[in-house]
1. Looking at (1) open to solvent by 60 Å² or more (accessible area, probe 1.4 Å); (2) out of contact with any Phe, Trp or Tyr (no Cβ under 6 Å at 6 or more places or on another chain), which is the one condition that is false for Lys353?
2. Taking region 251-276 as the region of interest, how many residues are more than 14 Å from Lys413 (Cα to Cα) and either in contact with a strand residue (DSSP E or B) (Cβ under 6 Å, 6 or more places away or on another chain) or open to solvent by 80 Å² or more (accessible area, probe 1.4 Å) (or both)?
3. Could you check, for region 359-375, whether at least one of its residues is in the same structural domain as Thr474 (by TED's automatic domain parsing), farther than 22 Å from Pro292 by Cα, touching a residue at least 40 places away in the same chain (Cβ under 8 Å) and crowded, with 19+ Cβ neighbours inside 10 Å?
4. Please enumerate the residues belonging to region 21-58 that are away from the ligand (no atom under 16 Å from the Cβ) and among the aliphatic types (A, V, I, L, M).
5. Scan region 74-97 residue by residue and report those that are part of a strand (DSSP E or B) and in contact with a Gly (Cβ under 6 Å, 6 or more places away or on another chain).
6. In the list Ile128, Ile100, which residue meets the criterion of being open to solvent by less than 30 Å² (accessible area, probe 1.4 Å), within 30 Å of Pro306 (Cβ to Cβ) and assigned to a helix (DSSP H, G or I)?
7. Of (1) surrounded by 16 or more Cβ atoms within 10 Å (Cβ to Cβ); (2) over 23 Å from the mean Cα position of the chain (by Cα); (3) not β-branched (Val, Ile, Thr), Pro215 satisfies all except one. Which?
8. Tell me, yes or no, whether region 138-152 has at least one residue that is under 17 Å from Leu11 (Cβ atoms) and open to solvent by 20 Å² or more (accessible area, probe 1.4 Å).
Amino acid sequence: MNIRISKTKYLNGLQCKKLIWYIYKQPEAIPEPDEATQAIFDQGHLVGDYSKKLFPKGVEVDHTKSFEEGLRSTRELISKRVPIFEGALTYERCYARADILEPGGKDEWNLIEVKSSTELKDVNYDDIGFQYYVYSGAGLKIDKCYLMCIDNTYVRKGDIDPSKLFKKIDVTDEIKTSYSTMIENNVAEMVKAINSKTFPQIDIGAHCNDPYDCPLIDKCWSFLPERNVFFLYRNNKLPMTLIQEGILELNKIPEKYELSEKNQIQVDCEKTGKPYIDSEKIKDFLDTMQYPAYYIDFETCSSAIPLFDNSSPYKQIPFQFSVHVVKEKGAKPEHFSFLADGTNDPRPAFMVKLKEVMGTKGSVIAYNAGFEMGILRKCAEVLPKYKKWVESIGERIIDLLKPFSDFAYYHPKQDGSCSLKNVLPALTGKSYDDMEIGDGGTASAEYFRVTYTEDNKDKAKVRRLLEEYCGLDTMGMVDIINKLYSLK
Ligand code: SF4
């Protein structure tokens, strides 16, 4: 088998040799990226386009004709000494296409890898280290190596300024001193793994999600029983130890293992099949409620390239809210909602509409309230006339997550999670399962798609689904509080 290793495959192989074996030997077993992963890729392409604006004389290598033609035109551009985008070279079994090659001093070049993240990770060094290995092996004199990532302190004012959107970090010393030999050895091991008849026996572990979610998780983790030890709340280490000892089921954890109080509650509930209820704690929580009660939920979207003035990369921009108002205990809830339309900054209209429905007294209930308060405070920074009002909301806010993260209530059907998506079905039987938009990530991606891209033929349907989804979150909170009252 003629094995050619690209940078992406090299990084896959570093994460797991079983994964790289599948990529070469059984590529049909690797599922297509889901919508969320695809959205991350798309974001990366957009960031790449903006980085190219920093090199107006740059030329992009055309890779659409053939592999050989890409290599040939790269060599041609190298001889012209112009900035090159996606320049392709090979060395030994490896193949690299760096984001940007910039002519440096004399016959030297600077290597620049563009990242859509705001902070550097170890994998970024592996990434540029591989490019450096291939380019220098192919005979190119590399002077400097840079990682260029997004500067999240950048605030958009008018057109995007790429010179401020990015920060360039010089990693030349780290790359030149420690990467070449390491990469040679890594590639040799990967080739050996790929050439073996069957995939290498590699246990599941933390590496399955680090640095990326492995596309083979469903396959490799399928031996676990439905109710397994990974349900242990906020416990990353013990499940791996248990698996190595052949203990897979949550209700089979031997007593010799010392569990946290919350994990012990889980295991006990798993054995009895019944919920754990701390009536005292639940009563203390409910006693903080004051009527009228306002149940709120926001949906937000963000992008690497800020869409609006006075916003920064990856800043969460609220585009939707749902509010259910319960005037007095047990009263029928009234529903109010807002979903921004058009492509303008949604924050001003969002704040106007929200303030109109929130009244001046009574509790404001959110699930994981720090998120909603964080959004409101960030909006008030841009729209200072709301500062006092936001502070007043902060004095009224109650976090419905608390009784669940404190394990005042735990139901085995929560599967070790305190998120609203797990608590609501466990407590009330209501579920997000049949909803076409049933989680915040999808809501954000779908809103972005139908609002800011031309892929929006189903806009009316998506907007209806968004209303349903956000409305269920707040109505679900009303139901949860009613259920907690019934337990008191
Ligand atoms: S799921 Fe884990 S063990 Fe399986 S291939 Fe991926 S990283 Fe390797």
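1. Lys353 satisfies every listed condition except (2).
2. Going through region 251-276 one residue at a time, the tally reaches 5.
3. Yes, because at least one residue in region 359-375 is in the same structural domain as Thr474 (by TED's automatic domain parsing), farther than 22 Å from Pro292 by Cα, touching a residue at least 40 places away in the same chain (Cβ under 8 Å) and crowded, with 19+ Cβ neighbours inside 10 Å.
4. Those that are away from the ligand (no atom under 16 Å from the Cβ) and among the aliphatic types (A, V, I, L, M): Ala36, Ala39, Ile40, Leu46, Val47, Leu54.
5. Phe85, Ala88, Tyr91
6. It is Ile128.
7. With respect to (1) surrounded by 16 or more Cβ atoms within 10 Å (Cβ to Cβ); (2) over 23 Å from the mean Cα position of the chain (by Cα); (3) not β-branched (Val, Ile, Thr), Pro215 is out only on (2).
8. no
The values are calculated or read from the model by the stated rules, or taken from the named source; none is laboratory data. Please read these numbers as outputs of a predicted model, since none were measured by experiment. Note that each Cβ is placed from the backbone with ideal geometry, even for glycine, and that neighbours are counted across all protein chains shown. All accessible areas refer to the heavy atoms of the entire protein, side chains included, with ligands and DNA or RNA removed. Shrake-Rupley method; radii C 1.70, N 1.55, O 1.52, S 1.80 Å.
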